[in-house]
1. Under 10 Å, Cα contacts only: if you run a Gaussian network model on the chain, which one of G236, G260, G222 comes out with the highest mean-square fluctuation?
2. Which whole-Hz couplings ³J(HN,Hα) result when phi for each residue of segment 46-60 is put into the Karplus expression 6.51 cos²θ - 1.76 cosθ + 1.60, θ = phi - 60°, listed in order with x for Gly and Pro?
3. Please list log₁₀ I(q)/I(0) at q = 0.15, 0.17 Å⁻¹ for segment 145-301, using the Debye equation with identical point scatterers on the alpha-carbon positions.
4. Could you give me D for the chain, from Stokes-Einstein at 20 °C and 1.002 mPa s, where the hydrodynamic radius is the Kirkwood radius over C-alpha pairs? Units µm² s⁻¹, please.
5. Can you give me the three principal axis dimensions of segment 157-214 from its C-alpha atoms, in Å, biggest first?
6. Might you report the magnitude of the Cβ-based charge dipole of segment 145-301 about its Cα centre, with Lys and Arg at +1 and Asp and Glu at -1, to the nearest 20 debye?
7. Find how much the distance from A185 to L171 grows on full extension, using 0.36 nm per residue of separation minus their present alpha carbon separation; answer in nm with one decimal.
8. If you count, for each residue, the other Cβ atoms within 10 Å and average over each peptide, how do 91-99, 185-193 line up from highest to lowest?
Amino acid sequence: MPTQDFTADVRRAEYAARFNRVVDYIQGHLAKAMDLETLAGVACFSPYHFHRLFHGWMGETLHDFIFRLRVERAAAQLAYSPGKSITEVALDCGFSSPSTFARAFRAFHGISASDWRRQRRFPDPAGAGRPPGAVGGGAFPMALKVEVRRLEPMHVAYLRHLGPFQENSALFERLLGRIRAWAGARGLLLPTARLLSISHDAPEITDARKLRLDAAITVPEGTRTDGEIGRQRLDGGTYAVARVRIRANQFVETWDTLMGGWLPGSGYQPDDRPRFELYLNDPAADPEGMIEVEVCLAVKPL
């Protein structure tokens with residue numbers, strides 16, 4: 001019986017790896033047309049069976065998944081990129097025309113794109129007179145010092161979680177512990193290795209049951225991964241980085257302050273690259289149990 005259970009776990013891990021690859025591919029190509037044969041090839045499944053396999057694993061059809069990611073990306077761009085026209089948002093998110101986008105957006109969100117933009121745009125509570133990059137006071141009492149800088153690309157091995165994760169410190173500890181153990185067993189806990197978590201969806205937009213979170217560790221380019229551990233490249237570029245020392249229950253407040261307090265008055269807008277957190281210490285070894293972390297938001301000029 002233990003042998004059978006182990007075999008089943010290995011097979012399930014292989015399925016996880018294949019579907020993680022195709023989900024990553026879809027996310028990276030949302031602005032383009034994607035055909036069934038290409039996606040099935042990425043997952044190494046027969047096109048004939050791929051639709052049913054995808055639905056069984058992800059809990060939604062391939063079409064619905066791609067559609068959801070597109071309208072969710074559009075919702076984020078409408079909220080955080082005020083200089084971008086609705087037509088530009090539609091085309092950038094893979095819709096063939098503004099009219100197609102308008103129907104799709106209303107069908108999914110129950111509101112027009114223009115009304116969504118008007119209702120969801122964050123105010124700038126930061127006020128005048130603060131040092132450049134400083135955020136605090138008003139609706140966002142946390143004080144942040146934000147630096148815009150260029151980050152180099154990173155190659156990471158990751159373990160993916162699907163579902164709610166915000167303010168769940170036990171989940172983060174478990175996921176990061178597993179990816180750290182995987183790296184340690186392969187001699188990859190190098191002095192330069194960094195632990196991080198990568199968020200692929202906006203928690204304020206995506207249904208919590210469908211959120212994707214990767215617990216990851218930086219690895220040398222070309223590192224081989226196996227089973228449920230995948231590999232991806234995080235593109236470098238311009239990021240807004242806030243280095244903070246916080247408790248486990250303050251991550252949402254930190255991100256809310258960065259997105260709603262600093263961003264509107266910064267002259268930047270979010271880019272579509274995933275946002276992530278780089279962990280700089282071991283909270284268990286900290287005298288106060290605090291977490292030192294850099295929260296990193298991909299940005300581009302307005």
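What follows draws every value from the coordinates through simple rules; no lab data is involved. Computed from a predicted structure; not experimentally measured. Backbone-built Cβ (ideal geometry, glycine too); neighbour counts: all protein chains shown.
1. Residue with maximal mean-square fluctuation among G236, G260, G222: G222.
2. 5, x, 4, 9, 4, 3, 5, 4, 4, 4, x, 7, 8, x, 8
3. At q = 0.15, 0.17 Å⁻¹ the computed log10 ratios are -0.82, -1.07.
4. The Stokes-Einstein estimate is 103 µm²/s.
5. Largest first, segment 157-214 extends 38, 19, 14 Å along its Cα principal axes.
6. The dipole magnitude comes to about 380 debye.
7. Residue separation times 0.36 nm, minus the Cα-Cα distance, leaves 2.9 nm.
8. 91-99, 185-193
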